[in-house]
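Structure first, commentary second.
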Amino acid sequence: MENSAGFFLLYFFYGLAFYTLGISAMLQNTQAEGRNESIFSNNIYLGLFGLLHGTTEWLIMIRPMNFFNDYTFHIYALQLLLNSASFASLLYYGLNFKFLKLNTSFKKVIPYALFFVWLAGLLISFEAGSYREIFDLYSAFSRYFIGIPATFLTAYRFIYLSEKVKVNYNVALARQLKRLSISFILYGLYAGIFISNKGFFPNTVINSALLQASIGLPTEFLRMSMAVIITIIYLKSIKLFRVEEDKKMRHLLEMKLQYNERKRIAQKLHDEIIQELFASGMIIESLINYSDTLSNNDDLIQVKENLNESIDSIRTLMNNLLPKRFSLELFQEEIEELAYKYNELSNVSINTNFNFTGQGDNWLPDQSTTHLYYIIQEAVLNSIKHAQSTKILIRVKSNLNFLTVTISDNGRGFKKNVPEQSGHLGLQIMQDRARLLSAEFELKSDQSGTAIEVNLPWGTNPDE
């Protein structure tokens, strides 16, 4: 089998699929830098998984070749290390996304810790038997204790993201992410559980021989198939995301062009039509003052009243042409004024940070601004009154998809599952306001402080 054409083709496409996944993920990570896109955050680790795993499969492919006979040990050792490192990279990717409620330091450390514990065990056991037996055993350990958690956590990440994008993007992308989640679960089963019998439980019962006897296909073929499927679905997901992103860009551009055209028409009405009508009214006023005929005066007064009504109608039309809008710069001034006011009224240091880069537009509907302002005010007041904090930071930033508002403090925090605790009514009001905006509302609170984050998608308007 190892020297057959089928063996080489299987592992060639196996490695190629993961190389394609790795390069695609790396490219998406680069393009998404600084844009706060949760779908592409930490994609460098998914890319590392793809590249390292692809290299592993190609090392398996070249190992039986005669001209590598003198390097069999080195190839085997490199293959083993890269395979374990690839699973550690995938575990980091699966653990480190902001909606997984675990301690941040724990999420960052655990993949490295598992890898180095595995490596230490390998080095300690190296003298206990032949290197092939040790390598086979520790290959199984890396699959069981790093690979299975990595694939399952990555699957959880994609299933969670599929629920998020239903609101922010579309059902088609959510469907692809769900398929990607299922594919990673299946790959985890084929590559982590259904492996050759290494003599430990439950591997002695559930292994590749059992799977092949049940369905008649070798495990390697199933793994290769899932690698190809994962890569195809991932590429489709990228395409769908970019299509939706382009649609959003076009929509924002159309809105901006429409607004500019309405603004131009309103400006023309103000600068030309209203001014001409006003001038005509002044002429009529002069005629009224200098006219001696009463009947003529009545007619002129009626004409003037009609002109004034026309001017009022045009002004109403102008107001309707331009929806109430609030520039981000003016919003920033309002928040800075709020921070200054509560700085003066309390002993808490309140700072602001604004970063408006890459936004789709530089305005907000008036109602959205009102809700965001009161969410910030309520969060600041809760922090001052209940959290015993000494520092509060208000951060407002924008990207292509969202306006993000974060209010964080260094107070004592609170338990979210205690409804009678002070400040929970204010929390409910903030959540209700965010819901009215179709915005994401996230709360994190522990002994080191509280952080409230509101993500408002561009283009939402509660007035409509």
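Check each of the chymotrypsin sites (Phe, Trp or Tyr not before Pro) in the range 157-252 and keep only those in coil by DSSP with at most 12 other C-beta atoms within 10 angstrom; list them in order. Can you show the working numbers first?
Numbers: sites: PHE158, TYR160, TYR169, PHE184, TYR187, TYR190, PHE194, PHE200, PHE221, TYR234, PHE241; in loops: TYR169, PHE194, PHE200.
In loop regions of the range 157-252 (DSSP not H, G, I, E or B), the sparsely surrounded chymotrypsin sites (Phe, Trp or Tyr not before Pro) are PHE200.
Could you work out the relative contact order of the range 5-253, using alpha carbon pairs under 8 angstrom and six or more residues apart, expressed as a whole percent?
That works out to 19 percent.
Using a cut-off of 14 Å between beta-carbons, work out the net charge of the residues near ILE230 (Lys and Arg +1, Asp and Glu -1, ILE230 not included). Mind dumping the intermediate values first?
Working: positive: ARG157, LYS178, ARG179, ARG223, LYS236; negative: GLU57.
So the environment of ILE230 carries a net charge of +4.
Arrange the peptides 102-110, 138-146 so that the one whose residues have, on average, the most other Cβ atoms within 10 Å appears first. It would help to have the intermediate numbers written out before the result.
Working: 102-110: 12.3, 138-146: 20.8.
Highest to lowest by the protection proxy: 138-146, 102-110.
Starting from the amide H of SER346, placed 1.01 Å from N in the peptide plane, find each other amide H under 5 Å away whose residue is 5 or more places distant or on another chain.
Those qualifying (amide H under 5 Å, at least 5 residues apart or on another chain) number zero.
Would you list HIS53, HIS270 from fewest to most Cβ contacts within 10 Å? Intermediate results must be reported in sequence, preceding the final value.
Details: HIS53 27, HIS270 13.
Starting with the residue having the fewest Cβ neighbours, the order is HIS270, HIS53.
Which entries of LYS247/LYS397; LYS178/LYS239; LYS236/LYS397 show an alpha-carbon separation above 24 angstrom in the structure shown?
Numbers: LYS247/LYS397 22 Å; LYS178/LYS239 16 Å; LYS236/LYS397 30 Å.
Among LYS247/LYS397; LYS178/LYS239; LYS236/LYS397, the Cα-Cα distance tops 24 Å for LYS236/LYS397.
Can you work out the Karplus-derived ³J(HN,Hα) for every residue in the range 178-186? Use 6.51 cos²θ - 1.76 cosθ + 1.60 with θ = phi - 60°, whole Hz, and x for glycine or proline.
Once rounded to whole Hz, the list reads 5, 5, 5, 4, 4, 5, 5, 4, 5.
Coordinate-derived values only; no laboratory data. Here the structure is a predicted model, which is why all the values come from computation and not from measurement. Because the Cβ atoms are built from the backbone with ideal geometry, glycine has one as well, and the counts that use them run over all protein chains shown.
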